[in-house]
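The values are calculated or read from the model by the stated rules, or taken from the named source; none is laboratory data. Quick caveat, the model's predicted, so the values are computed rather than measured. All Cβ positions, even for glycine, are placed from backbone atoms using ideal geometry, and neighbour counts span all protein chains on display. With ligands, DNA and RNA removed, areas are computed over all heavy atoms of the protein, side chains included. Shrake-Rupley method; radii C 1.70, N 1.55, O 1.52, S 1.80 Å.
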Amino acid sequence: MWDFIVERHQQILYDGFQHAYLVVLAVAAATVIAILLAMLVTKVPRLDSVANMLSAIGLTIPGFALVGLLMPATGIGSTTAFICVCFYATLPILRNAVVGLQGVEPVLIESARGMGMGEAAVMARVRLPLAWPVILAGIRVSLQMSMGIAAIAAYVLGPGLGSYIFSGLAQIGGKNALNYALVGTLGVVVLALLLDLLLVLVGRLTTSKGIRV
Amino acid sequence: MTTTPTHGADDVSGIEIELDEVVKRYPGQKMAAVDSLSLTVPAGEMVIFVGPSGCGKTTSLKMINRLIRPTSGTIRLGGEDISKRGADELRRHIGYVIQGGSLFPHMTVATNIEIVPKLLGWDKARIAERVDELLDLVGLEPDRYRDRYPRELSGGQQQRVGVARGLAADPPVILMDEPFGAVDPITRQRLQDELLGIQRELHKTIVMVTHDIDEAIKLGDRVLILQEGGRIAQYDTPEMILAAPANDFVDDFVGSGSALKQLTLSRVSEIELRHPTTATVGEPSREAIARAEAAGDGSLVILDSRRRPVAWRFLREVARRDTVLDGDREKLVTLDERATLNDALDVMLASSYGGAIVCGRRDQYLGVADFESVTDHMRTVEKAAAEEVAADTGRAEP
Ligand SMILES: Nc1ncnc2c1ncn2[C@@H]1O[C@H](COP(=O)(O)OP(=O)(O)O)[C@@H](O)[C@H]1O
Ligand SMILES: [Mg+2]
């Protein structure tokens, strides 16, 4: 297997980078979408159960099914992969963001309003920073999950390490079948660990010292 | 002194608050929470709303800064109808202090205090200067506390920052909802004294809510006793409420031991203080001890360079070091001169020196109160008080 890696190391690194790039981009977009949705839910509490239901049902949709649904609309390629990963990535973040934003102590909100902060200021300066650690936890879950989803997205020729796994599966019994599958899987695991580490670091830098555990 | 007060002692920076037949009926409730409340809080006075739980104190208070919208009636600040002003704009000119300080845990002490000045668009230099001035005012060293987070402060310190935050933009009106409800009794008494000191300096119009009649009597220029539904049972000076309760409700609420409560009406500033030997931080111990021995004192009150007391030590403790050491001001229990004799007795009983250190404006050392000075004072006023009460009760209406 070592020879296999050495022979193709440039290609593997390139695909690994593509994989990470897709996931980071999709999770970043998902974070923005999820926070915006959660803000809406916080403002209109009646949407709370709708949001919960969506994230619960969304997570039960099999990845392949979604890819299949998207293909007629967005074709084969990285766009479909991106939308697919982004969809799943949004769900855990949304759930945590709703819990985090709503979990801010009412007395703090009242105190902020009592000092003359407008609704936008309360959201930006009180709710969001206080909910941030909870949202971050959601982003970490989302990132791990997205690594796997992105591998499945390779089925529609999305970029990344997923193609190795599919190649391996396609030529079962062949000379390099195991190598392909192993490199694909291990690559995904290593990347997931690296990105998680990075996220922990970002989390430390962006969480106020006053609420860090 | 590194800071100058914003106002001279006789400036009134507060404005009048007027409630005119204010009603608040919450949706789905038969009884109004506040039923036609009319009262005037004079500019520069501290008025305490007191009453049993659920009588509508908080509701009344929050209508003044429009956190709650009255069902009907008018509220005027300085003669101006508040419903004509934008809610956020109005609130930036009213200090708001609630239980525990409710500081934002993710912001430093300075950032918490800066909130309203920032909303009002003050420039950076002015805000920084203001933060230090306020921390100084509430007895927290700016250099030490400015960059701390709330969780790095004790309950009492958090509450002090809460008060500083309420005062930040120098609002004419300050609303406080049970501000000292979450701290232990000794800290509460200190915070009360400090508030009296601050008010003596700033003369804001303060409305405070409490359920503690002793706190109301101690702090209020006037006390509003509320009954179920926000109806006024009595609105009067603490002296008159003790001497001539308007009805049975007030009588019950003020409770027994009103003779003892008279102790709450006498301030430490009225009694003759002792002046034991003092020493300044950094001076040679030998000289200080010599002075004390010459005066026949067994202990020394230690002051810092700004004449604030930092410790009270027996001579043998002082003798252990060559120079007089600094102490932790946070740990020293002192009395404000506006503290009541009731508080003074409390502190004296807990002190191993049989007395209590008394401070004036900005923690300036004034002297020491002891049991003898309290009993002396009580004896001299006893007769006068008895006559006064008799005269007051004679008056039919306040
Ligand atoms: N948001 C609210 N909705 C409905 N009822 C309320 C609300 N806030 C207070 N009340 C009711 O109004 C009455 C007065 O409450 P409040 O002003 O908080 O009393 P206090 O501060 O004197 O304890 C109580 O009976 C309380 O149950
Ligand atoms: Mg209340």
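General remarks:
- Using the Cβ-Cβ distance between B:Lys124 and A:Val24 with R0 = 56 Å, the FRET efficiency computed as 1/(1 + (r/R0)^6) comes to roughly 0.95.
- Proximity of backbone amide H atoms, modeled 1.01 Å from N, is registered between B:Met46 and B:Ile206, B:Asp221, B:Arg222 at under 5 Å, excluding neighbours fewer than 5 places apart on the same chain.
- At a threshold of 30 Å², the residues of region B:80-105 that become less accessible to a 1.4 Å probe in the full protein assembly than in their chain on its own are B:Asp88, B:Arg91, B:Tyr96, B:Ile98, B:Ser102, B:Phe104, B:Pro105.
- Separation of the B:Arg200 and B:Phe314 label points, Cα + 7 Å toward Cβ, nm: 3.2
- Between A:Leu194 and A:Val99, the distance separating the two model label sites (each 7 Å from Cα on the Cα→Cβ line) works out to 3.0 nm.
- Annotation: lysines with alpha-carbon distance below 24 angstrom to B:Lys124 (same-chain offsets under eight excluded): A:Lys209.
- About its Cα centre, the dipole of chain B is roughly 1260 debye, where the only charges are +1 on Lys and Arg Cβ and -1 on Asp and Glu Cβ.
- Local net charge near B:Val318, Cβ-Cβ under 13 Å (Lys/Arg +1, Asp/Glu -1): -1
- Sites B:Ile186 and A:Thr79 - FRET efficiency at Förster radius 60 Å, r taken between beta-carbons, to 0.05: 0.35
- Share antiparallel - DSSP beta bridges, region B:268-375, percent rounded to 5: 65
- Cα-based Rg and Dmax for region B:17-255, where Dmax is the largest Cα-Cα distance (Å): 17.9, 55
- Full extension of the chain segment joining B:Glu80 with B:Arg361 gains 97.8 nm, where the gain is 0.36 nm per residue of separation less the Cα-Cα distance.
- Positive-end ranking of A:Leu199, A:Met117, A:Gln102 along the dipole of chain A, with charges on Cβ about the Cα centre, is headed by A:Met117.
- Dipole magnitude (debye, nearest 20) for chain A, charges at Cβ of Lys, Arg, Asp, Glu: 440
- In order along region B:23-40, the phi-based Karplus estimate (6.51 cos²θ - 1.76 cosθ + 1.60, θ = phi - 60°) of 3J(HN,Hα) comes to 10, 10, 10, 6, x, x, 10, 6, 7, 6, 5, 10, 10, 6, 8, 10, 6, 10 Hz; Gly and Pro are listed as x.
- The Rg/Rh ratio for region B:268-375, using Cα coordinates for both the radius of gyration and the Kirkwood hydrodynamic radius, is 0.96.
- Note that the protein assembly as shown, at 10 °C in a medium of 1.306 mPa s, gets a Stokes-Einstein diffusion coefficient of 55 µm²/s from its Kirkwood radius over C-alpha pairs.
- Whichever aspartates and glutamates have a C-alpha closer than 17 Å to that of A:Lys43, once near sequence neighbours (fewer than 8 apart) are set aside: A:Glu105, A:Glu110, A:Glu119
- Over 32 Å between alpha carbons, listed pairs B:Lys24/B:Lys204; B:Lys57/B:Lys331; B:Lys62/B:Lys118: B:Lys57/B:Lys331
- Distant-in-sequence amide H partners of B:Arg231 (H built 1.01 Å from N, under 5 Å): B:Asp35
- Beta bridges from DSSP with both residues in region B:17-255: antiparallel share about 45 percent, rounded to the nearest 5.
- Scalar couplings 3J(HN,Hα) for region A:68-76, obtained by applying the Karplus form with A = 6.51, B = -1.76, C = 1.60 to θ = phi - 60°, are x, 5, 6, 3, x, 7, 10, x, 9 Hz; x denotes Gly and Pro.
- Taken over region A:11-206, the percentage of Cα pairs per 5 Å bin, counting from 0 up to the bin with the maximum distance, is 1, 8, 15, 17, 16, 14, 10, 7, 5, 3, 2, 1, 0, 0, 0.
- Between B:Leu345 and B:Arg307, the FRET efficiency estimated from the beta carbon spacing at R0 = 30 angstrom works out to 0.70.
- Label-to-label distance for B:Arg321 and A:Gln10 is 7.2 nm, based on points extended 7 Å past Cα in the beta-carbon direction.
- For B:Ala279, the amide hydrogen comes within under 5 Å of the amide hydrogens of B:Val301, B:Ile302, B:Leu303, counting only partners 5 or more places away or on other chains and with H modelled in the peptide plane.
- Looking at the protein assembly as shown alone, DSSP beta bridges between its own residues are antiparallel in about 55 percent of cases.
- Remark: relative contact order (region A:11-206) = 28 percent; criterion is Cα-Cα distance under 8 angstrom and separation of 6 or more residues.
- Net charge dipole size for the protein assembly as shown [Lys, Arg +1 and Asp, Glu -1 on Cβ; Debye, nearest 20]: 2760
- Helix-derived mean residue ellipticity, 222 nm - over the protein assembly as shown, DSSP H n ≥ 4, -39500 (n - 2.57), to 500: -16500 deg cm²/dmol
- In sequence order, region B:282-290 has phi-based couplings of x, 7, x, 4, 4, 5, 5, 5, 4 Hz under the Karplus curve 6.51 cos²θ - 1.76 cosθ + 1.60, θ = phi - 60°, and Gly or Pro positions carry x.
- The relative contact order of region B:268-375 comes to 30 percent, based on Cα pairs under 8 Å that sit 6 or more residues apart.
- Cβ neighbours within 10 Å from other chains - mean over B:114-121: 2
- Equivalent ellipsoid dimensions for region A:109-179 as semi-axes, Å, which come from the Cα gyration tensor, largest first: 49, 10, 6
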